[in-house]
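A short reminder: the numbers here are calculations on the coordinates, not readings from a lab. These numbers come from a predicted model, not from an experiment. Neighbour counts run over all protein chains shown; Cβ positions are idealised from the backbone, glycine included.
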Amino acid sequence: MHYSTTGASCATGGELEPKCHPPPGASLPDITLSRCVGYTVPLQYHQHEVAMVGDAFRSQDQVCTFQDVCQSLLSVPAEDVSLLSGVAGSGKTTVVRRLVHEWAKDSGSQKIVLSLSFRELNLLSEPQSLQELLLVHYSHLKPVLPWVIDSQPGRILLILDGLDEFRFPLEFERSPKCSDPERKLGMGEMVVNLIKGHLLPGISILVTSRPHAVSKVPPLLVTQLYSILGFSKDQQRHYFEQSCNSPLVASAVWGYVSSYQPLQLMCRIPAFCWIVSTALCDRAPCCLSQVTTTTLPNTARTTPAGSSDSSASNNRAEEATPTPSTFSSTVPRVMLMSGHVKPITITEIYCCFLKSILVFHGEGHSQEGCSPQCLQEAPRVLREMQPTLRNLGALAFKGLLERRFLFDQADLSSFSLDCSGLSKTFLVEILREDRASLTCQRSFHFIHTSVQEFLAALYYVLQALSGSDPFSGLKSAVGVALFPVALHKVLTSTANKLLRPRRLLRRYVKKAFSWGGHHQSGHMDLFCRFVSGLLVPQTRVILDGLFRGRSQILPSPSSSLSLPSSPPPPTPPFLLSLLHSQLQYGRLSPERQVNVCHCLYEAQDPGLAQRLQGWLQVLAQKQVPDQSGPAKRDWSELAFLLQLIPDLQDLNLEAQGLDAEGLRRLLPVLPLFSTLRLGQNPLGPEGAVVLACAMQSPDCRVERLWVVGTGLGCKGLKVLTEGLKDNHTVVDLRMAINHIGDVGAGCLADLLRTNHTLKDIRLRDNQITDKGAELLLEALTENTTLEYLWMFDNKLSKEGVRKLKEFARGTSHLDIKVCI
């Protein structure tokens, strides 16, 4: 069977196809990319990919533009494999399309660009030869393609789009070698032999993928890795200027985005910019006028964040001690401003997006915009669409549990969905042509993975608020398949009668967070944030009509708005209590604990503002810790805050009572700073384990590691040096007063034999004797990169000091600081 993509229904590879375009003639901003030679295998992806977006611009890799990528792939004849990595909606498929477009425009290009989608390859269950596959997809090249494959393979650039969606295993060690393009192979074996260079040796290959699947390709086979960083701040502002129909509206939307750091970080993703634009452009007053203002604790006044972009180049950190004002403009104003503000959460943005699509972009409303009539009709429209939205959400939820993002007609039919009406609004249809039977096969995916996660959360909350088990609404729910459906319904109905409604709701919400914590990959993180946000009555006001009458469990948000002076219903106390208990759960990974803080933000925890203000004082070294302070601190909240300050390069936590457990909670962000000042904290050997893990991270950007007086000892130093053996970023290691002794000196000596990055090591007052100094000198005869070695206040004899100074005089690159 042969499949091809019809031109009108070409798959988007997970990217969002905007339904609202900028004005004619407007040019959208280019995306920013980075380039590095090869790549390091990630230890394991523990975070949702949206959590990586804000960190991308801290990268020390070489920043490049699309034109640089185009020139490298099209102009330089080379036998190599390049990877293009980016989160969903970042523009991977857009880059591929532009690359093909640029090649087609260049009449003098010697390259022949061939593109295949992994989604298409997924449908080929029978073995097929590579030559047959290419000739089916490019039938117009039949006269010349076999000749090019045989005699000039170096002219071919083969693009394989969407590795993360490939359903066949890539077994690079087990797949049999094949160099014959006419031999039939399974799709997994064919891809392996292409990437290994057995099939069509000499061709160039570009593989696109979301970050979590990049490691499917062995690093030794990859020549270069391009990462899509997305939009910088200036590019975000330019996007809104082009997509909004007036400068005034664009300025208002950018004001919202720039004042809410989680929102601005997600706007690094071009597709998310479109979601925000659809939610707010021309309709911000309409969608948000119903969001009641709330008073936050009087903390600190700020000014809006500036528009200066964070540099992606290798900038050195400022040595000056930061002040509170350094951070106040980078923390969301909703948390720091006094007075009345409108909290803008990610959940509220998606509620506005959903309402805008259904009410303002629905049939008969394309030209009306945000009129009073539309707003008056909105509750009725949402109420009428509730059954279909629920079914869409059930499909989305089932796909999320099964980690599926591609659905067929049978999946839709099982939830009483078709490909028309509302379903067509949120699903992209892909047509596949079967030339053997002259039929077309249809498959579907949501317009963006975050939209799938939001609709899944919407379904979950609708079910929970009505007292129904969200899992029972699935045709083959995970965890239910072991029981007969009829028996499960009887048991569920009996349990519901025995339990009170509020207790049922708590049970279902706790179940959602348990599922999120169980999946350590982080793919349920955004779902949990949306569930937290949708349980807030104030947020549900935006979708008034969809929730009205669904439940008597929580107070109705609509009733509280009948009187202008009535405050909005508060966040359910059980939700805040549940989230806080999750933070204290010892078995939860650091990444999940940080996500719980994001959930508290979406749940609009009234105490979070004050706690984060305290952390700002800690970062500015203005807060003097008391004896009970560190024990009461939740370092996960600091990790959450640090994710919102992507411009911060120097993390100064000296003498803050940070212990090994607190350091473990900071692990998701530790590798992202150029300087880690952790001195005078009781880290101990357990803390060294965490530091070693951070230093081994493929995202590690730490250049200066200062752990003075942290109680590492020789045991902790041994662990840390193991973590530094393959580290290529740390140049300055300060670890005075750690009592490492001669055993620790020996561990450092072993490190210096293999590490050629370190330039400055400070070992003052570490109880090192002449024996330890001898071990260091032996290693330094093999190391030519260390420039400074500080040995003050150790247990060295006069003879030991003399040998150190004599050795330093005999080397031009090394200065040893030592005295009696």
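Report the net charge of residues surrounding MET190, where surrounding means a beta-carbon distance below 15 angstrom and charges are Lys +1, Arg +1, Asp -1, Glu -1.
Details: positive: ARG167, ARG174, LYS177, ARG183, LYS184, LYS196, LYS216; negative: GLU120, GLU126, GLU132, GLU171, ASP180, GLU182, GLU189.
Once all neighbours under 15 Å are counted, the net charge is 0.
Could you size up the charge dipole of the stretch 87-184 around its Cα centre, putting +1 on the beta carbon of Lys and Arg and -1 on that of Asp and Glu, and report it in debye to the nearest 20? Can you show the working numbers first?
Values: 13 positive and 13 negative charges, 49 e Å.
Dipole magnitude for the stretch 87-184 comes out near 240 debye.
Could you size up the charge dipole of the stretch 657-754 around its Cα centre, putting +1 on the beta carbon of Lys and Arg and -1 on that of Asp and Glu, and report it in debye to the nearest 20? Don't skip to the end; give the middle numbers.
Details: 10 positive and 10 negative charges, 22 e Å.
For the stretch 657-754, the charge dipole is close to 100 debye.
For the stretch 606-743, what ratio Rg/Rh do Cα atoms give with a Kirkwood hydrodynamic radius?
Numbers: Rg = 14.5 Å, Rh = 15.1 Å.
When Rh is taken as the Kirkwood radius, the ratio is 0.96.
Expressed as a whole number of Å, what is the distance separating the alpha-carbon centroids of the stretch 770-820 and the stretch 90-151?
So the two Cα centres are separated by 60 Å.
Calculate one ³J(HN,Hα) per residue across the stretch 131-144 by plugging θ = phi - 60° into the Karplus curve 6.51 cos²θ - 1.76 cosθ + 1.60, and present them in order as whole Hz with x for glycine and proline.
After applying 6.51 cos²θ - 1.76 cosθ + 1.60, I find 5, 5, 4, 5, 5, 5, 6, 10, 4, 6, 9, 3, x, 10 Hz.
How about the stretch 177-277: which trypsin sites (Lys or Arg not before Pro) there lie in a loop by DSSP and see at most 13 other Cβ atoms within 10 Å?
Working: sites: LYS177, ARG183, LYS184, LYS196, LYS216, LYS233, ARG237, ARG268; in loops: LYS177, ARG183, LYS196, ARG268.
Answer in residue order: LYS177.
Could you list the trypsin sites (Lys or Arg not before Pro) in the stretch 682-723 that lie in coil according to DSSP, counting only those with at most 14 other Cβ atoms within 10 Å of their Cβ? Please report the intermediate quantities before stating the final value.
Working: sites: ARG701, ARG704, LYS715, LYS718; in loops: ARG701.
Answer in residue order: no site qualifies.
For TYR788, enumerate residues with amide H under 5 Å from its amide H, sequence gap 5+ or separate chain, H modeled in the peptide plane.
Long-range HN contacts for TYR788: ASP760, ILE761, ASP815.
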